[in-house]
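Scroll down for the structure; my scribbles are underneath it.
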């Protein structure tokens with residue numbers, strides 16, 4: 001980092017500070033303004049904020065790292081941009097029409113208060129142990145790569161980076177609420193996209209161009225279909241069956257069955273039902289602005305394949321070919337294989353080695369933007385859940401100003417919890433890999449109750465609550481079984497025992513099992529008990545939509561929305577056709 005780089009980073013933070021101050025001056029001390037930005041966000045702000053909230057530590061650390069080790073294989077998750085179309089076209093009419101603050105609140109409108117409480121509690125715990133934890137980890141990684149020598153007393157670069165990211169992000173989130181978050185996200189989206197595109201450009205320049213990258217990386221790293229088609233069964237959709245005992249369940253790669261059924265469920269849970277994402281759409285004034293925001297976010301969501309995965313592959317190519325001695329020494333082991341732990345540093349390592357002065361500062365600002373936007377979204381979503389789903393329910397007559405104050409206090413508490421997590425994250429370098437399974441275990445019951453609840457009016461509150469509780473118990477049980485082998489060196493379950501089978505079952509297959517059980521429980525319990533009051537859930541399911549609601553939805557879209565949606569689907573199809581190895 002040169003003086004020019006630091007000047008660029010300082011300019012970014014200056015813009016962020018000015019933007020936050022402007023937002024604070026515009027804010028009103030009302031819950032609707034603090035938590036939903038007054039419900040007057042334009043589509044471009046909604047879309048940019050959704051994208052910026054999504055692009056965070058899992059991309060800077062995980063996605064670029066997977067590009068360095070496995071090529072484009074993980075692009076399947078990024079190509080789930082179509083899930084945003086499901087949010088915009090299928091669910092937005094119900095969310096906007098119900099005028100809710102949170103996703104658990106919508107669940108209460110559709111079912112009952114108990115469902116709201118269960119989902120809120122699980123969401124808060126999940127945000128702490130996943131989004132906040134991984135965000136802190138990535139912040140420390142970025143600083144430890146770019147400023148390895150920096151120290152303040154006993155604090156090394158990892159601690160300093162983690163603390164700075166949390167405190168700076170928490171400051172503007174506490175003061176400005178969702179309006180500050182989404183406008184900061186918009187600025188951060190611009191900086192992040194420009195910076196990441198420059199990393200790809202200079203990386204390709206360093207390696208000798210796209211064709212040279214393909215030659216060095218090999219066709220396998222450019223094969224998007226490899227995880228879908230089992231080896232030896234090319235171009236088929238046959239099940240994974242091998243001679244090894246129970247190999248169908250324990251396949252180490254990403255077999256087609258899990259990618260076909262589990263990955264979309266996780267995608268639709270994340271993009272269509274998670275407060276972290278949907279809160280931006282709830283801040284739109286009407287269906288049209290919310291839907292166009294999701295379409296715009298879907299277009300932006302196609303970028304990570306080229307601005308995170310490809311740079312990871314470039315880092316691998318520079319290291320494996322010896323064109324960068326530093327990358328080769330850092331990322332390649334004595335046997336010539338990529339060191340997976342070091343591959344997590346692929347993106348910041350590339351920034352440190354191939355970018356010229358000044359450009360490096362812009363990209364570092366973009367990296368910090370990605371980390372901060374994800375954390376700010378988590379802080380704000382957590383504060384909204386706590387304030388609106390717990391505090392306001394327990395204190396129904398509280399003033400609006402008091403609710404805003406509680407929201408700020410809740411955000412501050414989340415920041416402090418994040419700071420307390422730093423020793424845990426620093427001591428568990430493998431935590432990122434372990435956390436990947438968490439969302440696969442938590443997503444199925446939430447997906448089931450939202451989607452079946454909207455499409456199937458006969459399903460009732462008892463079925464919803466039973467599915468949520470049983471699904472979460474199954475997920476927590478798997479996490480409890482997975483924990484001892486992760487934390488205790490040499491710990492193993494007895495081969496062929498029940499716990500051994502659970503621990504070794506491929507995580508996506510276990511997720512599918514949770515999905516099937518939740519569907520069966522929700523339908524079975526609902527039909528074994530009384531039907532819901534259809535008057536009470538009017539407008540909350542497709543079977544109870546009023547004629548006025550249908551007209552409002554139809555008038556909210558036109559040819560522009562259809563063309564934008566088709567363009568996203570065409571781009572996804574083009575990516576699958578191009579990346580065939």
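Figures for the structure shown
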| quantity | calculated |
| --- | --- |
| Value of relative contact order over segment 437-545, rounded to a whole percent, pairs C-alpha under 8 Å and six or more apart | 47 percent |
| For segment 502-581: rounded, prolate or oblate by the Cα gyration tensor [a/c cutoff 1.5] | oblate |
| Correct choice for Cα extents along the principal axes in Å that was computed from the model, options [x] 70, 61, 55; [y] 81, 76, 48; [z] 69, 64, 51 | [z] |
| Theoretical FRET efficiency, 1/(1+(r/R0)^6), r = Cβ-Cβ of residue 328 and residue 577, R0 30 Å, to 0.05 | 0.35 |
| Rh by Kirkwood over Cα pairs, then Stokes-Einstein D for segment 437-545 at 0.692 mPa s and 37 °C, µm²/s | 215 µm²/s |
| Ranked packing of 289-300, 388-399, most packed first, by mean Cβ within 10 Å | 289-300, 388-399 |
| The chain: relative contact order in percent, alpha carbon pairs under 8 Å with at least 6 residues between | 29 percent |
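Every number here is computed from the coordinates shown, using simple stated rules; none is lab data. Bear in mind that the values here come from a model prediction, so they are computed numbers and not experimental data. A quick note on method: Cβ atoms are made from the backbone with ideal geometry, for glycine too, and the neighbour counts reach across all protein chains shown.
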